[in-house]
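Take a look at the structure below.
The values are calculated or read from the model by the stated rules, or taken from the named source; none is laboratory data. A quick note: this is a predicted structure, and the numbers were derived from the prediction, not measured. All Cβ positions, glycine included, derive from the backbone under ideal geometry; neighbour counts span all protein chains shown. Remember, those area values only see protein heavy atoms, side chains included, never the ligands or the DNA or RNA. Shrake-Rupley method; radii C 1.70, N 1.55, O 1.52, S 1.80 Å.
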Amino acid sequence: GHERFRFFGNVEYGSHISLSDLRRHYHAVCFATGAQTDRRLGIPGEDLAGSHPATDFVAWYNGHPDYEDLTFNLDAESVAVVGVGNVAVDVARILCRTTDELARTDIADHALEALSESRVTRVYMLGRRGPAQAAFTNAEVKELGELDGADVTVLPDEVRLDEFSKADVAAADDAKLVRKIEIVQSFVRKSSGKPRSLCLRFLVSPVELTGTGGAVSGMKLVRNRLERSGDRLRAVPTDSFEDLDVQLVFRSVGYHGVALPDLPFDEGDGIVPNDGGRVTGEPGIYVSGWIKRGPTGIIGTNKPDGAETARAILSDLRVGRSWSPAAPTAEAAMNTVRTAQPHLVTYDDWQAIDESEVARAQGTERPRVKYVARESLLELLDRTA
Ligand code: NAP
């Protein structure tokens, strides 16, 4: 809402505007494009129907316009979510929530409808290492134990710490880590008879997805043990295998950044190479967030990260280390964008969408009812213009 800030929505760097457009209008640019693709497992059967990146499911239930038409086999009885980070927790939670619980959230309507018909009764979250190495954070995993319609369980043998983990936990002297392990170990308990079960598994890795008629019908798991490898404990496969009867699989093993046109890119780390936010060899160009440091950290981590980049931009501007734009006015920038993208969404437009979504939810328990399709969003803006 600040008078010196402008928002240009529905505009894509590389298709609607280029780096040379930005150089014509701005003294500096900061990219905060995140990490947009999922990492793969690299195992046979990964591309069978019913095997999906968790990111697709998250975008679908959150109402991303490009993901509305995806379908997921919610007739499945058993589902595996591979990975034990917060995205895996989010996916497991959505699969386990009751329709009543979901209906109080801002989940997209198409997802609410599909999930209310879901036949899923068992959800497995699969960690390749132990609870002491799990990537989820405490508040998020604790919530899994508080679901109305699902009992959370773990296997006692898998949540007992091995000698390496015990030593690492003792050396770390980290109260949050100790608490995390306590939370996970508290899930060794009897089922209270809720209709769904959510089983957190540790020290297992999928080695193959098996299929029937081109669709996932099972997963072969190998049991792992931990081995020290530098300052990390690594999962090493044993010769003990197990078959898991699952008909739907989400891989949630982290994200990877995508290269941006005309910018340097480090393929290995999936980031734009930079020093504290200053893009290497490109004065005037900055990065912040996951495209700067890789896909780690919760929202709170991005605040100091953004502040560091902001300080770099300001100190460079002060000493004139910036671009020299030929047309630096707000109007000139607006003209360039509007010419390339007539369906530009401004901040006023964004507020109109927000107000309308909140108004649509009045009289219900939902915080908002989202518009999903691009056309419905643009039609709304035409109506309110
Ligand atoms: P993440 O935190 O990096 O977790 C990835 C998980 O995948 C780890 O458990 C990792 O295990 C596992 N993994 C990686 N490769 C694997 C493989 N080949 N086989 C089996 N497991 C494998 O990633 P994320 O869950 O996608 O989350 C991304 C970021 O968003 C995180 O920083 C997260 O905290 C944040 N986030 C936060 C919230 C929230 O605050 N509520 C919600 C969503 C996301 P290893 O440790 O063994 O590598």
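Data overview
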{"read-out": "Distance in nm between pseudo-label sites at residue 140 and residue 20 (7 Å out along the Cβ direction from Cα)", "value": "4.2 nm"}
{"read-out": "Computed E for residue 7/residue 190 - FRET, C-beta separation, R0 56 angstrom, nearest 0.05", "value": "0.60"}
{"read-out": "Residue-span extension gain [residue 46 to residue 347] - 0.36 nm each, minus C-alpha spacing", "value": "104.3 nm"}
{"read-out": "Given charges at beta-carbon only (K, R positive; D, E negative), |dipole| of the range 258-314 in Debye", "value": "300 debye"}
{"read-out": "Mean accessible surface per residue for the chain, computed with a 1.4 Å probe while every protein chain stays in place, in Å²", "value": "52 Å²"}
{"read-out": "Formal net charge of residues neighbouring residue 194 (Cβ-Cβ distance under 9 Å; K, R +1; D, E -1)", "value": "-1"}
{"read-out": "Charge tally in the Cβ shell below 11 Å around residue 185, where Lys, Arg are +1 and Asp, Glu are -1, residue 185 excluded", "value": "+2"}
{"read-out": "Nearest-ten-degree value, helix 330-340 long axis tilted from longest Cα axis of the chain", "value": "60 degrees"}
{"read-out": "Crossing angle, helix 299-318 versus the chain [Cα axis fit, 0-90 degrees, rounded to tens]", "value": "30 degrees"}
{"read-out": "Neighbourhood charge, 11 Å Cβ-Cβ cut-off, centred on residue 164 and excluding it, Lys, Arg +1 and Asp, Glu -1", "value": "+2"}
{"read-out": "The chain - percent relative contact order, Cα under 8 Å, separation 6 or more", "value": "27 percent"}
{"read-out": "Mean ellipticity per residue at 222 nm, deg cm²/dmol - from DSSP H runs of n ≥ 4 across the chain, formula -39500 (n - 2.57)", "value": "-9500 deg cm²/dmol"}
{"read-out": "Entries of 303/370; 166/190; 180/220; 180/292; 176/370 with Cα pairs more than 30 Å apart", "value": "176/370"}
{"read-out": "Average projected area [Cα convex hull, the range 1-124], square nanometres", "value": "11.0 nm²"}
{"read-out": "Cα-projected label distance for residue 373 with residue 32, points at 7 Å along beta-carbon direction, nm", "value": "3.2 nm"}
{"read-out": "Residue 241/residue 365 FRET efficiency (R0 35 Å; Cβ-Cβ; nearest 0.05)", "value": "0.15"}
{"read-out": "Residue 310/residue 101 FRET efficiency (R0 30 Å; Cβ-Cβ; nearest 0.05)", "value": "0.20"}
{"read-out": "At q = 0.17, 0.19, 0.28, 0.30 Å⁻¹, base-10 log of I(q)/I(0) for the range 214-269 (Debye sum, equal scatterers on each alpha carbon)", "value": "-0.87, -0.91, -1.09, -1.13"}
{"read-out": "Average Cα contact separation per residue, the range 50-175, under 8 Å, 6 or more apart, as relative contact order %", "value": "30 percent"}
{"read-out": "Separation in nanometres of the label points that stand 7 Å from Cα toward Cβ, at residue 382 and residue 172", "value": "5.4 nm"}
{"read-out": "P(r) of the chain over all Cα-Cα pairs, binned every 10 Å from zero, in whole percent", "value": "4, 18, 27, 25, 17, 8, 1"}
